[in-house]
Amino acid sequence: MSEALITAKVLHDCGHINLRGRRNDAAFVAAVESVCATSLPQALTTAASGDLRIYWLGPDEWSLVTTAEKTAALLAALNGATAGMHVAVNDLSAAFVTLALGGSKVRELLAKGCTIDLHPAAFASGACAHTGLAKAGVLLALQHVEFRLIVRRSFADYLLQWLHRSGAEYGIEFV
Amino acid sequence: MLLIKCPHCGERAETEFSYGGEAGIQRPANPDALNDAEWADYLFNRKNPRGMHAELWNHAQGCRRWFRVERDTVSYLISDSREL
Ligand SMILES: [Zn+2]
């Protein structure tokens, strides 16, 4: 295979914070948005601000992903801003592995193991969805032309093997 | 495969969900006051209708929320899906 139509990269420099709180609690939303300098994303979308990405997980749940270095400060700032509120802020960095996937055939590859509609009209930049990929639970998001795949650490080895095999016909390259 | 509409995520494949049985089962407020037959009725007896059925589903691989679905057990037609 002369040219890789898909590239995959494990992003080691990531911290994951799980945030839960009530969407209709104006004080909670304002506190989080002032810390993050972006609005909390609506259903099935991502918000981005600098190194930080906020993924919608559910009606009262978000995943905040930033660099490993900035995670502790973000955690402290969120805890400070939401002190006394009905919230849960937890550092889950050790629980997840993050992958970046790019290339012209990446939607075709993902569609082999995923039941959601990945056509560009249905899954565009800014979209995020928690779904199944080859039976593993994954958070799938797209920013511009790069897919992010966030998977539980215990499934990462399996999923990398699946990507390796299923991506072989596209010359998938792990960089 | 069924397409089930999660009230938060929209239509997703059946494989993303887990089934939670009949909806609307209320835990008795005062279990000590029940006799064995009444307690067994709460624990085990379900309507199991042929036709429309109100049931619980959990979007296990998605938003992980429980919600309520109205499904026809004959045609599998899902006519309603809403938050609890
Ligand atoms: Zn859902």
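Here, each number is a calculation from the coordinates, and none is a lab measurement. Because the structure is predicted, anything quoted here is derived from the model rather than measured. Positions of Cβ are backbone-derived with ideal geometry, glycine not excepted, and every protein chain shown enters the neighbour counts.
Quick look at the numbers
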| item | result |
| --- | --- |
| Projected area, mean over directions - the stretch A:14-94, Cα convex hull, nm² | 4.6 |
| Taking the stretch A:14-94 and dividing mean pair separation by its residue count, relative contact order in percent (alpha carbons under 8 Å, at least six apart) | 44 |
| P(r) of the stretch A:8-55 over all Cα-Cα pairs, binned every 10 Å from zero, in whole percent | 22, 54, 19, 5 |
| Base-10 log of normalised Debye intensity for chain A (one unit scatterer per alpha-carbon) at q = 0.14 Å⁻¹ | -0.74 |
| Unpaired by the 4.7 Å Cβ criterion, cysteines found in the protein assembly as shown | A:Cys14, A:Cys36, A:Cys114, A:Cys128, B:Cys63 |
| Per-residue HN-Hα couplings for the stretch B:4-14 [Karplus 6.51, -1.76, 1.60; θ = phi - 60°; Hz; x = Gly/Pro] | 10, 8, 6, x, 9, 10, x, 6, 9, 5, 3 |
| Low-density loop positions, trypsin sites (Lys or Arg not before Pro), the stretch A:81-120 - DSSP coil, at most 14 other Cβ in 10 Å | A:Lys112 |
| Rel. contact order, % - alpha carbon contacts under 8 angstrom, at least six apart, the stretch A:115-175 | 21 |
| Distance violations [Cα-Cα > 27 Å] among A:Lys9/B:Lys5; A:Lys112/B:Lys5; A:Lys9/A:Lys135; A:Lys9/A:Lys70; A:Lys105/A:Lys135; A:Lys9/A:Lys105 | A:Lys9/B:Lys5 |
| Relative contact order, percent, chain A [alpha-carbon distance under 8 Å, six or more residues apart] | 29 |
| Ordering of A:24-31, B:62-69, B:47-54 by packing [mean C-beta count within 10 Å, highest first] | B:62-69, A:24-31, B:47-54 |
| Amide H partners (placed H, <5 Å) of A:Leu11, local residues excluded | A:Thr98, A:Leu99, A:Ala100 |
| Computed Kirkwood radius, in angstrom, where 1/r is averaged over Cα pairs of chain B | 14.0 |
